[in-house]
Each structure stands twice: as structure tokens, then as C-alpha cells.
Amino acid sequence: MFHPDCHRTPSMKLDSNLESPILLNRALPLRLGRGNNRIQNKIRVEESEAIYTMAERYELQSQSGKGKMPTVDRTPTGIPGLDEILSGGFPRGRVILLVGGPGTGKTILTSQFLMNGIKIYGENGAFVSLDETKAHYYREMALFGWKFEELEKGKKFAFINASPLRHMPGEVKIGRQSIGRKDFSILSLIEGIKTHTELINAKRVVVDPVTSLIFQYPEMVERRTAILDLVDALVKTGATCLMTTELRAMGPTVERAIQLEEYLAHGVVIMSNAKVGKTYNRVLQVEKMRETPIDMQPRPYKISGNGIEVFPKETIFVD
Ligand SMILES: Nc1ncnc2c1ncn2[C@@H]1O[C@H](COP(=O)(O)OP(=O)(O)O)[C@@H](O)[C@H]1O
Ligand SMILES: [Mg+2]
């Protein structure tokens, strides 16, 4: 059980394709009343962490007569080409979902984001791994010249091995209370994130990948609560956070689940292979990004010994 004191209400627009109510304190824009009243409601919600679409922001500005779109603080990735299609970087303090099939470069991209954060921008970072051990991760990243082990010693980087959470027994006792394995794994993960990010004052956090954790929940309502709890915990760190998940298109159930994650995150970036003629090209597409005018064109990217590079001016033609 999560947040038993939390009020629930059916949301008005965004919920139409989902079966269950949404958590009110998760800050969806309220659409109450009309005219100024309506705008004020939106502004008030915005101040308490609302999630906005670009259209809603523009509507807000034109109605309030304030003119230019307010600038949003950004977290540059430092990844060549990527910041260009993100108007400078990810919106600071938000939770971004990186979706991609195996081998598309999710672990590399998120690690490069952390490494650049520390080396270029002086921002500490934490990597929460749900499928790799620390030794394995350090070995793999060293191939790109990224020495996370040294940074860990200097308290600039934290590796949180959350992979044992996938192999918990059926029930876990906390004092006299017994709680289910899946709830325990989410709660432990949240606790681990909180403790470690505070310890090193992390400004960037990665959770890689969340897929298996979320798939513990066959029920949509429970799954949504689990994702929201994770997103909520990440938002509370104050850091700019990336979560990765495996690509959709593996059958209707998977597709549905991924849609739910995408819908609940503040931004979504998709990494995939596009077939052009007889060749496959790696492409990256920013599907949504709150508070950010984005380039939605799929852009080619490459992986090399230096990590990832995106080509923001090139296009891929797919028939
Ligand atoms: N030095 C390199 N040059 C080119 N490609 C590389 C290099 N190192 C790794 N790769 C590619 O990166 C991919 C693995 O990236 P990774 O981030 O682990 O993927 P994911 O986390 O999405 O499964 C593999 O497809 C591999 O071919
Ligand atoms: Mg990976």
C-alpha cells in the first residue's frame, strides 16, 4: 500500500483512455471554472508541480498577456547534438523516460549524462542499476574512458545496486508486519534512492531499467501507483532524473504498460533502429518534453568509443 491518505479523483481529460482514477496530489492541471478563474487554477497548480503541455503554456501566456514563454532551468546532457534538440537540456528536476530496445544505448546514454554532469557541470550523480552489478558496470564504462570508480571514491558518484530487489522472497517481514515482495522492492528502491542521493547531494539520478520492477504488477491500478510512487520519489530528490525502459512493440500487454510509463513521466525520449532501404539506422526521437520546445524529428545517432553522438541536422527517411 502506498500513501493511504492520498485522495483520488477521476481526472477530466488525460484519464479518458485509462480505466482507473488518478492520484490527485500528483498534480495534473485542474480545469475548473472559466476565464480568469480557469487560468488562476492552472497557475496555482503549476506552482505546486503541475505537468503541462506546450499548448497549455502558450494558451496561458496569451491569456495572461505576459508575452514570452518563461525560461525553464535546464540540465545540459553534454552529449554532442542532444542538447540542441532539447533546447539546451532536460528540464531541471523532472523525470524523463528513455525508451529503447536492448542494445540501443540506454545505459551508455544515461551514464554519459552522469559523467558529463560531474566532469563538465560540477553536478554529482547517482546510477541505480536493476540489472548490473557494480563491478560489471565499472568494467563496461571504463571502455569509454569513464572512470566511475574514482568518482565514487571522491563522493561525486554513487552506484546503487538494486538488482537483488528483483529476486526477493514472496513475503518480507518488517518488524511484525509482513508485506508483499513487490511492494517491498519498490519501497526499498525508493529508500535507497533517497539515502544515496542525499549522501552525495546528487543533481542527476538514473534508474536503469525499471521494466522488470513495473512488470511485477499485472493490475493496472497497482502498476500506476508503483510508477507514480517511483516518479514521486525521484522528483523529491530535486535532481534531474532519467529512467530507462525496454521498448514497446512486444505485444499488446507490453505496449499498454509502456504507454502508462510514458504518460506518467515528464518527458519521453525513444531510441530505436529505423530501417531505411536495406540498412538499419540508429535513431533518437524526443516524443514529449514538458516546458520544452522540442525537435520531434527522429535524428540519427551513433555509438562509438566516445559514447553517443546525435546528429541534430540530419534526417532519416522511412517509407
Ligand atoms: N565502442 C563501441 N562502438 C560502437 N558501438 C558500441 C561500442 N560499445 C558499445 N557499443 C554498442 O552499444 C550497445 C549497448 O549499449 P547499452 O547502452 O548497453 O544498450 P542498452 O542499455 O540499451 O541495452 C550495443 O549495441 C553495442 O553494439
Ligand atoms: Mg542497459
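On the given criteria, is GLU261 under 14 Å from the mean Cα position of the chain (by Cα), at pLDDT below 90, assigned by TED's automatic domain parsing to the domain that holds ILE186 and surrounded by 22 or more Cβ atoms within 10 Å (Cβ to Cβ)?
Taking the combined requirement at face value, the residue satisfies it.
Residues are listed down the side, and each one gets a yes or a no for (1) modelled with pLDDT of 95 or more; (2) charged (D, E, K, R); (3) within 16 Å of ligand 1 (Cβ to nearest atom):
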residue	(1), (2), (3)
ALA202	yes, no, no
VAL206	yes, no, yes
ILE214	no, no, no
TYR217	no, no, no
ARG223	no, yes, no
ALA226	no, no, no
LEU234	yes, no, no
THR240	yes, no, no
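What's the total number of residues in region 187-233 that are polar (S, T, N, Q) and either in contact with a helix residue (DSSP H, G or I) (Cβ under 7 Å, 6 or more places away or on another chain) or not in a helix (DSSP H, G or I) (or both)?
Here the count works out to 5.
Kindly provide the set of residues from region 86-128 that are of a type in the set (Phe, Trp, Tyr) and assigned to a helix (DSSP H, G or I), ordered by number.
PHE113
Identify, from the list GLY277, GLY267, the residue that is modelled with pLDDT of 95 or more and in the same structural domain as ILE85 (by TED's automatic domain parsing). Break it down stepwise before answering.
Details: GLY277 fails: modelled with pLDDT of 95 or more.
Answer to the check: GLY267.
If only one of GLY100, GLY89 is touching a Lys or Arg at 6+ places or on another chain (Cβ under 7 Å), within 14 Å of ligand 1 (Cβ to nearest atom) and under 19 Å from CYS241 (Cβ atoms), which one is it?
When all the criteria are applied, what remains is GLY100.
Does ALA158 satisfy the condition of being at pLDDT 95 or above, assigned to a loop (DSSP other than H, G, I, E, B) and within 27 Å of PRO76 (Cβ to Cβ)?
no
What are the residue pairs meeting all of these: first residue in region 90-113, first residue of a type in the set (Gly, Ala, Ser), second residue near ligand 1 (Cβ under 6 Å from one of its atoms) and assigned to a helix (DSSP H, G or I), Cβ atoms under 6 Å, and 6 or more apart or on different chains?
GLY100/LYS106
Quick check on region 93-112: of everything there that is more than 10 Å from ligand 2 (Cβ to nearest atom) and over 15 Å from the mean Cα position of the chain (by Cα), which residue is surrounded by the fewest Cβ atoms within 10 Å (Cβ to Cβ)?
GLY101
Just to be sure I understand, how many residues within region 136-155 are of a type in the set (Lys, Arg) and either touching a Lys or Arg at 6+ places or on another chain (Cβ under 9 Å) or in contact (Cβ under 8 Å) with a residue 40 or more places away in the chain (or both)?
So in region 136-155, the residues of a type in the set (Lys, Arg) come out as 139, 147, 153, 155.
Imposing the further condition that a residue be either touching a Lys or Arg at 6+ places or on another chain (Cβ under 9 Å) or in contact (Cβ under 8 Å) with a residue 40 or more places away in the chain (or both) reduces the set to 155.
Total meeting the criteria: 1.
May I ask you to list pairs of residues, at least six apart or on different chains, whose Cβ atoms are under 6 Å apart, with the first in region 119-135 being more than 13 Å from ligand 2 (Cβ to nearest atom) and the second being among the hydroxyl-bearing types (Ser, Thr, Tyr)?
So the pair list comes out as ALA126/THR197.
Only one of (1) more than 16 Å from ligand 2 (Cβ to nearest atom); (2) buried (at least 23 other Cβ atoms within 10 Å of the Cβ); (3) not polar (S, T, N, Q) is not met by GLY88, so which one is it?
(2)
The values are calculated or read from the model by the stated rules, or taken from the named source; none is laboratory data. Worth saying up front: this structure is predicted, and the values here are computed from it rather than measured. All Cβ positions, glycine included, derive from the backbone under ideal geometry; neighbour counts span all protein chains shown.
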